[in-house]
Amino acid sequence: MIKVFKYCFLDLIRSRWTIVYLLFFILTCGGLLYLSGDSAKVVVSLMNVVILLVPLISMIYGMMYMYQVRDYVEILLAQPISRKSIFGGYVLGLSAALSVSVALGILIPLAFYDAPQIMSAQWLMLTAISILLTVIFSILASWLVLANENRLKGFGLGLFIWLLLAVIYDGIFLVTLIALEGFPIERLALSLTLLNPVDMGRVLLIFQLDYSALMGYTGAVFEKFFGTLSGSLIIGGAYLLWISIPLGFLLRKARKKDF
Amino acid sequence: MIEFKNIQKKFGKQHVLHGIDLKFNQPGIFAILGPNGSGKTTLIKSLMGMVHPTGGQILIDGQIKQGNEYRNNIAYLPQIARFPENLSVNEFLDFIENIRGKATRKVELMTAFGVNEFADKKLRALSGGMRQKVNLVSALMYDTQTIVLDEPTIGLDPVALIALKDWIRKEQGAGKTILLTTHIMDIVEELADEIVFLLDGKVYYRGSQQELLQKTNTPSTEHAIAQLLTLKKAS
């Protein structure tokens, strides 16, 4: 798996799209830092960019790359290694290359602007969430590619999943909260947040920035939950499930598929 | 020795292989022929473990095929020559060597097919024929008892084609078992010891070229194959 990972990473890191992705984050983050001058505000602005764009780019770029891999994977399948090593290596390489682009794109401008800030909790959280979302959406993209030989259908499903998790889910969430406003729905709101990795990332960041006071009573319940050890463990567990379940589906598909 | 025992394969409702029984237990060049969609590639891919047969068994040296290690002893040339775009030819060959171990015949093959001239170029910058040469080097650089070539001549220039034929003859002389699919009948006439003709997922004919010519009363293998197809259509 490590051998496949190494060459996949080398292939991707040289791709001009990976470099464009890195430059985009350097320009956005650098631009915001130097224009606004307040790093807490920049984290919020970047959060909105990260929450929407990282899943979208990981999904689309991941699918483009994996469809390309699909074209030549027969050469690797003819070698004496398992399918698990091949696809495990590719998913790892894809996630790593995109994660490096995002993380460097955020941290390089920050290092120039105010290096000690790199170790501050809010910037670390922003970087960690970008990496987590990259990994989750890269795995989803790879799975969709293996499950759909028809590229148009694959890309359609990929975009739909992104739209659902990053945009539509919030709408449904809001309508649910409004419809049930007469009831104590804090636990429901909390559970709904844990079901969506994008929302979970957003909430984690908001609480890191101490904006929870703006959210009234629900904010207090959330703050209490996210602040406790069991809360952190549940969030960690939820992210772990968001990685391991799609990865399980992906490896199962890779094992059973006819190439 | 490779043996296919009653191999069945269905893709959804489409029944591609209808119980293929074939045994390759002696060295030589075996041309697997048949019209498009007759199941040649599916049969070869079942041997390589890329396609999971719906029924039947594949035996390698008398043992039921399992795991991944058996592929150490098979060289496989895929039909379509595509590669990671941002790696150079040398890096790609290193990639394969990293997985499979040091290749003993890489330098020799790179010289034979003229791959040295573009070994440092990125794979995305290569033409179709150049890609096929890289494909040939990556497939043949290991010294294996069985060699499986799926349409090896696509896009090759005359010089490379002669180099390929010479290489295949050399391997034949060394006692290898070579399975070859192609639509170019000249190659079959020139090289094949035996012909396996697949039609609608079944073995329709197996035997030497001479027997085929006598049976169909035709002057060349090309005509013989055409006649087999016409007879089948008429029936």
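The values are calculated or read from the model by the stated rules, or taken from the named source; none is laboratory data. Source: prediction; values computed, not measured. Neighbour counts are summed over all protein chains in view; Cβ atoms, including those assigned to glycine, are modelled from backbone coordinates with ideal geometry. Ligands, DNA and RNA are excluded from the accessible area calculation, which covers all protein heavy atoms including side chains. Shrake-Rupley method; radii C 1.70, N 1.55, O 1.52, S 1.80 Å.
Look at the alpha carbon pairs under 8 Å that are at least 6 residues apart: their mean separation over the length of chain B gives a relative contact order of 27 percent.
The mean sequence separation of alpha-carbon pairs under 8 Å and at least six residues apart, normalised by the residue count of the stretch B:127-235, gives a relative contact order of 19 percent.
Peptide B:50-59 is shielded by partner chain Cβ atoms: per residue, an average of 2 of them sit within 10 Å of its Cβ. How big is the B/A interface in buried accessible area, both sides summed, 1.4 Å probe, to the nearest 100 Å²? Its buried surface, counting both partners, is about 2800 Å². Taking a Cβ cut-off of under 10 Å around B:Arg71, the surrounding Lys, Arg, Asp and Glu residues balance to a net charge of +1, with basic ones at +1 and acidic ones at -1. First measure r as the distance between the Cβ atoms of A:Lys84 and A:Leu104, then evaluate 1/(1 + (r/R0)^6) with R0 = 35 Å and state the FRET efficiency to the nearest 0.05. Efficiency computed from Cβ-Cβ geometry: 0.75. If you take the square roots of the eigenvalues of the alpha-carbon gyration tensor of the stretch A:156-258 and sort them as a ≥ b ≥ c, do you get rounded (a/c under 1.5), prolate (a/b over b/c) or oblate? In terms of gyration-tensor shape, prolate.
For chain B, the share of DSSP beta bridges that are antiparallel, to the nearest 5, is 55%. Between beta-carbons, use under 12 Å as the cut-off and find the net charge around A:Leu247, counting Lys and Arg +1, Asp and Glu -1. Residues near A:Leu247 contribute +3 overall. If the elastic network links every pair of Cα atoms under 10 Å, which of B:Lys165, B:Lys215, B:Lys176 fluctuates the most in the Gaussian network model of chain B? Comparing B:Lys165, B:Lys215, B:Lys176 in the GNM, the peak value goes to B:Lys215. From helices alone, chain B scores -11000 deg cm²/dmol at 222 nm; the rule is -39500 (n - 2.57) for each run of n ≥ 4 DSSP H residues, then divide by the residue total. Distance between the C-alpha centres of the stretch A:218-258 and the stretch B:155-175: 55 Å, rounded to the whole angstrom. Summing +1 for each Lys or Arg and -1 for each Asp or Glu among the other residues whose beta-carbon sits under 13 angstrom from that of B:Arg100 gives +1. A crude spin-label estimate for the pair B:Leu213 and B:Ser88, with each label 7 Å from Cα along the Cβ direction, gives 4.9 nm. Please give the residues of the stretch B:195-211, grouped as numeric ranges, whose backbone N is less than 19 Å from a label point set 7 Å along the Cα-to-Cβ vector of B:Gln14. It comes to B:198-203, nothing else. The GNM of chain A, with springs linking C-alpha atoms under 10 angstrom apart, assigns the highest mean-square fluctuation among A:Leu164, A:Leu76, A:Leu126 to A:Leu76.
Extension gain B:Arg105-B:Gln145, at 0.36 nm per residue separation less the Cα-Cα distance, in nm? Length gained between B:Arg105 and B:Gln145: 13.0 nm. Within the protein assembly as shown, DSSP assigns beta bridges of which about 55% are antiparallel (rounded to the nearest 5). Once both labels are positioned 7 Å from their Cα atoms along Cα-to-Cβ, the gap between B:Asp21 and A:Leu240 label points is 5.4 nm. Highest mobility in the GNM of chain A, judged by mean-square fluctuation with C-alpha springs under 10 Å and restricted to A:Gly237, A:Gly62, A:Gly201, is found for A:Gly237. In this calculation the C-beta distance from A:Glu181 to A:Ala128 is compared with R0 = 30 Å, giving a FRET efficiency of 0.35. Here are some pairs, A:Lys84/B:Lys9; A:Lys153/B:Lys133; A:Lys153/B:Lys102; B:Lys176/B:Lys215; B:Lys65/B:Lys232; B:Lys10/B:Lys133; which of them have Cα atoms lying more than 31 Å apart in this structure? Pairs exceeding the cut-off: A:Lys153/B:Lys133; A:Lys153/B:Lys102; B:Lys65/B:Lys232; B:Lys10/B:Lys133.
Per-atom-type breakdown for the protein assembly as shown gives carbon and sulfur 62% of the accessible area (1.4 Å probe, protein chains only). The mean sequence distance of close C-alpha pairs (under 8 Å, at least 6 residues apart), as a share of the length of chain A, puts its relative contact order at 27 percent.
Taken one residue at a time, the phi angles of the stretch B:217-228 give Karplus couplings (6.51, -1.76, 1.60, θ = phi - 60°) of 6, 10, x, 9, 4, 4, 5, 4, 5, 4, 5, 4 Hz. Gly and Pro are set to x. Dividing the helix sum by the residues of chain A, where each DSSP H run of 4 or more adds -39500 (n - 2.57), gives a mean residue ellipticity at 222 nm of -28500 deg cm²/dmol.
Here chain B is treated as a sphere whose radius is the Kirkwood value from Cα pairs; by Stokes-Einstein at 10 °C and 1.306 mPa s it diffuses with a coefficient of 85 µm²/s. Whole-Hz Karplus values for the stretch A:165-173 come out as 6, 8, 10, 4, 3, 4, x, 4, 3 Hz, taken residue by residue from phi with 6.51 cos²θ - 1.76 cosθ + 1.60 and θ = phi - 60°; glycine and proline positions read x.
For A:Leu164 and B:Ala125, a Förster radius of 41 Å and the Cβ-Cβ distance give a FRET efficiency of 0.55, rounded to the nearest 0.05.
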